[in-house]
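The values are calculated or read from the model by the stated rules, or taken from the named source; none is laboratory data. Worth saying up front: this structure is predicted, and the values here are computed from it rather than measured. Cβ: placed from backbone, ideal geometry, glycine included. Neighbour counts: every protein chain shown. We work out accessible area using only protein heavy atoms, side chains counted, and drop any ligands, DNA or RNA first. Shrake-Rupley method; radii C 1.70, N 1.55, O 1.52, S 1.80 Å.
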Amino acid sequence: MLNKMIKINQLLVIFAALAWAAVAVAQPLDDDPAAEQLWSDVKSVLQRDCNGTTRIGMKVYSLERKTTLLAKNSTVLFTPASNMKMITSAMALKRVGPDYRFFTRLYTNGRIEGDTLKGDLYIKGFGDPWLVTEQMWVLVNGLRNLPITKIEGNLIADNHFFEDQERVATWANYSGPEAYLAPMGALSFNFNTVTVYVEPAPNAGEPPVVVVDPATAYIEVNNTARTVENWRDHERLIVNRLPRRGHDEIIVTGTLPKTMARKKYFLNVTDPQWYTLHVFRKYLEQAGVSVEGGLERGRVPVDARLLHEHESPPLADILRGLNKFSNNFIAEQILRTLAADVYGAPGTTENGVKLLKAYMHRLGFDDDRYNVVDGSGLSRQNMVSPDQIVAVLEDAYRDLAIFPEFIAALGVMGIDGSVIDRMNGIRDAQKIRAKTGTLNHVSALSGYFQSMDGERFAFSILLNDLNCSNGKAMKLEDDILDLALRFKRSDVDAEAPSNEKLEPLPVNP
């Protein structure tokens, strides 16, 4: 019933947007003859076999002249995939600023005598998306340096800053062990994932060596795989994660040739709170803090005393992990945390979406002109237009309080993040700062670029209903941007370097 209502609402939004759209045609809107030539070149790119039934939306907008250079279906709605993360990032920066911090707090209902805590220790999460290995050590050392070397009570996890639902409702079809499907939790660790290393044994017939990081009692390994002599005897190696009562089980099956290099897998966990509590106990013990009690779930008592507060790195730093590497978990954690800050705990995706809609409304877009249901773009129910994404990009560009941090979080074409392997060898490709988006039959690329004569543009290219591979779709996007980089206005006489392909740099001997 829920899925049916969502689909009906999505169709209503699409029909409303189509009725509203007065300009959904493919044309250059700039009167510069150079724009006419650019559009002619872009049309040649769009006529490739990837087009066919593919729906294409595009807008290229001059941030300096405040004019549209090119537009194709720019007011029509498309599934943006991970381009949604830019909207979430801009909203978060606007609302709380680049120096915003997330917290994890330690409380007790007991007392400290010498270096012994006589009572329980509570760890309460407040949505920190960056409680990773290094930060957990900082948290544990903060407690150790009080100093505390012994805890006589239990370790109790409080996860109540978020709603209980660990996945967005529209993610109903996503339930696999892949890292990009990691569940949310107010108390979470390492993006709610584990790393599994599998290395062949020295001798054929022996099980491969399996190492899980972090290694805790929360993860059990069932390894029935075998090392084989050569590739002829090789069967597919499968590393899977299955939920069990109170823990997760990593199952390793298949074979591994003994000449194969060590392999690495990232898998999500099914119980973020319990996983994090196990990691917390292990790190305490490794820091020299013994724990006599057990592990429990609960709430921090109203009369509990705050022992230690851990701050995350600033939001600006966290956004680099979000956008450069398209981390779904970080986006949703940010959305729920800000929802709890504004509307009160528990933080919910529904209230987070209200914040996104409030931001879109401030940009001039009524609710019936788009549809957003999460902060990461993993849901196909998200529907926005190239116009709207460019409006977000322009809004960030014109606000110096957030723009340096916003653009620094985007991938540098051919240099880092999810665009590290794109447009390699194209001169000045690093003048493109972009966010990718990929789902089955969906590809998106939006961001900023600087043309040959130094003019700055915001752009959005959204491709839906792909009838070609994502690789071909990305090549189409890259070729459009290659042309855009070489754009030079007719009234600009100054010489500028071309964006020709570079010769490979020599390798030092």
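Things worth noting here:
- When I112, I156, I148 are screened for being part of a strand (DSSP E or B) and out of contact with any Phe, Trp or Tyr (no Cβ under 8 Å at 6 or more places or on another chain), only I112 passes.
- Residue count for segment 74-128 under the criterion of being closer than 30 Å to V289 by Cα and either of a type outside the set (K, R) or touching a helix residue (DSSP H, G or I) at 6+ places or on another chain (Cβ under 8 Å) (or both): the result is 24.
- Looking only at segment 27-59, and only at residues there that are open to solvent by 10 Å² or more (accessible area, probe 1.4 Å) and in a strand (DSSP E or B), the one that is modelled with the lowest pLDDT: Q27
- Filter pass, A169 being surrounded by fewer than 21 Cβ atoms within 10 Å (Cβ to Cβ) and touching a residue at least 60 places away in the same chain (Cβ under 8 Å): yes
- Any chance R362 is touching a Ser or Thr at 6+ places or on another chain (Cβ under 8 Å), open to solvent by 40 Å² or more (accessible area, probe 1.4 Å) and more than 19 Å from M474 (Cβ to Cβ): no
- Taking the conditions (1) open to solvent by 30 Å² or more (accessible area, probe 1.4 Å); (2) polar (S, T, N, Q); (3) part of a strand (DSSP E or B) in turn, N141 satisfies each one other than (3).
- Screening the candidates A434, A391 for the property of being touching a Leu at 6+ places or on another chain (Cβ under 6 Å), hydrophobic (A, V, I, L, M, F, W, C) and surrounded by 24 or more Cβ atoms within 10 Å (Cβ to Cβ) yields one hit, A434.
- Cβ-Cβ under 7 Å pairs, at least 6 apart or on other chains, segment 274-300 side open to solvent by less than 10 Å² (accessible area, probe 1.4 Å), far side of a type in the set (F, W, Y) and in a loop (DSSP other than H, G, I, E, B): Y275/F189; Y275/Y218; T276/F189; V279/F189
- Elements of type helices (runs of 4 or more DSSP H) contained in segment 274-362, each with 1 or more residues being within 15 Å of K124 (Cα to Cα) and at pLDDT 95 or above: 328-343
- Single match in E503, E495 (criterion: among the charged types (D, E, K, R), more than 27 Å from E64 (Cβ to Cβ) and either at pLDDT below 65 or in contact with a Lys or Arg (Cβ under 6 Å, 6 or more places away or on another chain) (or both)): E503
- If you go through segment 216-246 and keep only what is under 26 Å from the mean Cα position of the chain (by Cα) and in a strand (DSSP E or B), you end up with I219, I238, V239, N240, R241, L242, P243.
- Members of segment 446-476 that are charged (D, E, K, R), closer than 18 Å to A35 by Cβ and open to solvent by 50 Å² or more (accessible area, probe 1.4 Å): R456
- Test result for Y197, surrounded by fewer than 22 Cβ atoms within 10 Å (Cβ to Cβ) and in contact (Cβ under 8 Å) with a residue 12 or more places away in the chain: yes
- Within segment 70-104, tally of residues that are surrounded by 21 or more Cβ atoms within 10 Å (Cβ to Cβ) and basic (K, R): 2
- Test result for A396, over 28 Å from E178 (Cβ atoms) and open to solvent by less than 30 Å² (accessible area, probe 1.4 Å): yes
- Enumeration of residues in segment 47-88 that are in contact with a strand residue (DSSP E or B) (Cβ under 8 Å, 6 or more places away or on another chain), β-branched (V, I, T) and touching a residue at least 60 places away in the same chain (Cβ under 8 Å): T54, I56, V60, V76, T79, I87
- Residue count for segment 413-467 under the criterion of being touching a residue at least 40 places away in the same chain (Cβ under 8 Å), over 21 Å from L378 (Cα atoms) and assigned to a loop (DSSP other than H, G, I, E, B): the result is 11.
- Of all residues in segment 211-267, those satisfying the criterion of being among the hydrophobic types (A, V, I, L, M, F, W, C), surrounded by 14 or more Cβ atoms within 10 Å (Cβ to Cβ) and farther than 29 Å from W137 by Cα are A225, V228, L237, V252, L256, M260.
- Tally, over segment 248-260, of residues that are touching a strand residue (DSSP E or B) at 6+ places or on another chain (Cβ under 8 Å) and in a loop (DSSP other than H, G, I, E, B): 2
- The number of residues in segment 384-414 that are closer than 19 Å to L315 by Cβ, among the hydrophobic types (A, V, I, L, M, F, W, C) and within 20 Å of the chain's Cα centre (by Cα) comes to 10.
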